[in-house]
1. What tally of residues in segment 44-73 results from selecting those that are surrounded by 17 or more Cβ atoms within 10 Å (Cβ to Cβ), of a type outside the set (A, V, I, L, M, F, W, C) and touching a Leu at 6+ places or on another chain (Cβ under 8 Å)?
2. Here are some conditions: (1) within 17 Å of LEU174 (Cα to Cα); (2) open to solvent by 50 Å² or more (accessible area, probe 1.4 Å). ALA152 meets all but one. Which one does it not meet?
3. Within segment 74-114, count every residue that is among the aliphatic types (A, V, I, L, M) and either open to solvent by 40 Å² or more (accessible area, probe 1.4 Å) or over 26 Å from the mean Cα position of the chain (by Cα) (or both).
4. Go through (1) in contact with a helix residue (DSSP H, G or I) (Cβ under 8 Å, 6 or more places away or on another chain); (2) surrounded by fewer than 17 Cβ atoms within 10 Å (Cβ to Cβ); (3) at pLDDT 95 or above for LEU33 and report which single condition fails.
5. Taking the criterion of being touching a residue at least 12 places away in the same chain (Cβ under 8 Å), within 19 Å of LEU40 (Cβ to Cβ) and assigned to a loop (DSSP other than H, G, I, E, B), would at least one residue in segment 100-118 satisfy it?
6. Look through segment 127-139, keep the residues that are closer than 10 Å to ARG175 by Cα and surrounded by fewer than 19 Cβ atoms within 10 Å (Cβ to Cβ), and return whichever of them is modelled with the lowest pLDDT.
7. From SER26, SER30, SER68, SER52, which residue is small (Gly, Ala, Ser) and within 13 Å of the chain's Cα centre (by Cα)?
8. Looking at GLN176 and the list (1) more than 17 Å from the chain's Cα centre (by Cα); (2) in a strand (DSSP E or B); (3) in contact (Cβ under 8 Å) with a residue 40 or more places away in the chain, which single condition is not satisfied?
Amino acid sequence: VDDPGLLDFDMLQTGHMDGRANTVDSLTESLELEPKMPVLIAEVGYEGILESNREEFQRFFFWSSMLSGAMGFTYGANGIWQINQCGQPFGPSPHGNEWGDLPWEDAYLLPGSGQVGLGKRLLQRYPWWAFEPHPEWVEPHQSPENRLEPYAGGIPGQVRIVYLPFPRSGDVRLRQLETGVKHRCFFFDPKSGAEVDRGQVEADDQGDFGVQRPSMWRDWILV
């Protein structure tokens, strides 16, 4: 399609070879194009493909995309897209190699799909379609130089969601909070859906607040 004005939305395939940085790079680039349109992640790192892209990758793909401006995310599992049968896999693709032999009866039970579903249900508590990326809300934060640092997005004055992809010791430093008001704060476990309440918090005069992260050393969502 030579005329982008004919499109209603942009769907991206960002790759299966560790597409973490490429996914955010491609999404950001597409969001900056004219004419403006919704951008969705249509295909990235099917769970189990290349014996990789396990559930922790699925959480990263989902949360980094949705907090970077994506209007949707498509989960995929290796074994389902080929409709591999028990003892009868799809076999080689036209390029001569096989993507995997996991039967679909096992592939649909892979844990990443449920964890992406937990993320969807958390976002549905809020007007997620009005979210905008705000990397400046957390320190440190992701950038083109390092897409593996924390992500932040939401609606000023209403809700902020921060994704902490990798373990960090100590406080999570929130920036540019509204001052003079109390904020309800909790951590969300993107693997189980459990919540860790941090009660009400209030920023200092500069709009900063440090939140002690849970002791479990893993990725977390801060709301």
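1. Qualifying residue count for the region: 6.
2. Every condition holds for ALA152 apart from (2).
3. Qualifying residue count for the region: 4.
4. Exception for LEU33: condition (3).
5. no
6. GLU139
7. None of the other options fit; the residue is SER68.
8. (2)
The values are calculated or read from the model by the stated rules, or taken from the named source; none is laboratory data. This is a predicted model, so every value here is computed, not measured. Every residue, glycine as well, gets a Cβ built from its backbone with ideal geometry; the counts of neighbours run over all protein chains shown. Side chains are part of the model used for accessible areas, which takes the heavy atoms of the whole protein and leaves out ligands, DNA and RNA. Shrake-Rupley method; radii C 1.70, N 1.55, O 1.52, S 1.80 Å.
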